[in-house]
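The structure appears right after this line, and notes come after that.
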Amino acid sequence: MGDATDLSRDEIAARLSGSPKERAAFLRELADAGVAEAQALLGQLLLDGNGVARDARAAFQRFEQAARQHHVMALNMVGRCYDLGWGVGIDKARAAACFRVAAARGLPEAQYNYATALALGEGVAEDKAAALALFEQAAASGYAKAINHVGSFAEDGWAGPRDMAKAADCYARAAAGGDFRGCFNHARMLGAAGAVDEALPWLRRAGELGNARFVAQALAWLDASDVPGFADRGAMALKEGAGC
């Protein structure tokens, strides 16, 4: 009997369509056979605890295996592990180095991550102009999180003159692309323009997509808003979206 790497495309698809536990077991077979894509996917399952016991250290090791085979998303995930301490000690310099290489290979997620490191000066010298250039590269590929950050740069003038029209356009596109911060920023701009009714659906969407920490921060911002009706109605919409 041949091993998992001898299966046809249809047979692989059938094995991947099983239960989370079955899918994880099959990916482990492929990963152990040296298939980089399977190593990267198994790393994500281990990180999330999807079909397997959550094991951040094992996830990091699988990402490393795939990265050594030049799997660009796995390299980005090695960077994420170093950045956030997932299965390995935090090392911002190593994280930035991984992001830089993966970004140079054109991965939007890595361009975003390296841009963030440059903007904050984490593991690398702060360089907001270079950060903006990378955010714009990722945004050009439609990466919604990066589009939102381009909007933030335009609104706050971090690497050039402020441009509120550009900021509003970026936030609208990031919101349409499903970025929860983009949804909130788009709603915030609509509220400031007095279009509270138009803003409310985007606040609900932000609540649906955002994490608990973001929702708490957004509620605090809304509470301080002086736009008539925006604080109370906006908070209600955000809470509805978050299910609280």
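Per-structure values
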quantity: Listed residues 177, 241, 220: farthest to the positive end of the dipole of region 138-244 (Cβ charges); calculated: 177
quantity: Compactness of region 55-142 as Cα Rg over 2.2 N^0.38 Å, two decimals; calculated: 1.03
quantity: Full-extension gain in nm, residue 11 to residue 244, via 0.36 nm per residue minus C-alpha separation; calculated: 79.5 nm
quantity: Shape of region 112-171, Cα gyration tensor, a/c cut at 1.5; calculated: oblate
quantity: Cα long-axis angle, helix 180-192 against the chain (0 to 90 degrees, to the nearest 10); calculated: 10 degrees
quantity: Filtered trypsin sites (Lys or Arg not before Pro), region 150-197: DSSP coil and at most 13 other beta carbons within 10 Å; calculated: 162
quantity: Heavy atoms of residue 19 accessible to a 1.4 Å probe, total area in Å² rounded to 10; calculated: 50 Å²
quantity: Low-density loop positions, chymotrypsin sites (Phe, Trp or Tyr not before Pro), region 83-191 - DSSP coil, at most 16 other Cβ in 10 Å; calculated: 158
quantity: Most to least packed among 70-82, 212-224 [average Cβ atoms within 10 Å]; calculated: 70-82, 212-224
quantity: Linear extension gain, residue 105 paired with residue 55, 0.36 nm per residue minus alpha-carbon span; calculated: 15.2 nm
quantity: Whether region 148-206 is rounded, prolate or oblate, judged on the alpha carbon gyration tensor where a/c under 1.5 counts as rounded; calculated: oblate
quantity: CD proxy at 222 nm, helix term only [per DSSP H run n ≥ 4: -39500 (n - 2.57); per residue of the chain; nearest 500]; calculated: -23000 deg cm²/dmol
quantity: Cα Rg over Rh - the chain, Kirkwood; calculated: 1.05
quantity: Percent carbon-and-sulfur accessible area, region 156-198, ignoring ligands, DNA and RNA, probe 1.4 Å; calculated: 51 percent
quantity: Efficiency of FRET between residue 223 and residue 197 - r from beta-carbon atoms, R0 25 angstrom, step 0.05; calculated: 0.80
quantity: Cα long-axis angle, helix 72-84 against the chain (0 to 90 degrees, to the nearest 10); calculated: 60 degrees
quantity: Rounded accessible area per residue of region 1-103, 1.4 Å, Å²; calculated: 52 Å²
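The values are calculated or read from the model by the stated rules, or taken from the named source; none is laboratory data. In this text the structure is predicted, and so the values were computed from the model without any measurement. Quick reminder, even Gly has a Cβ in these numbers, built from the backbone with ideal geometry, and neighbours come from all protein chains shown. Just the protein is used for accessible areas: all its heavy atoms, side chains included, with ligands, DNA and RNA removed. Shrake-Rupley method; radii C 1.70, N 1.55, O 1.52, S 1.80 Å.
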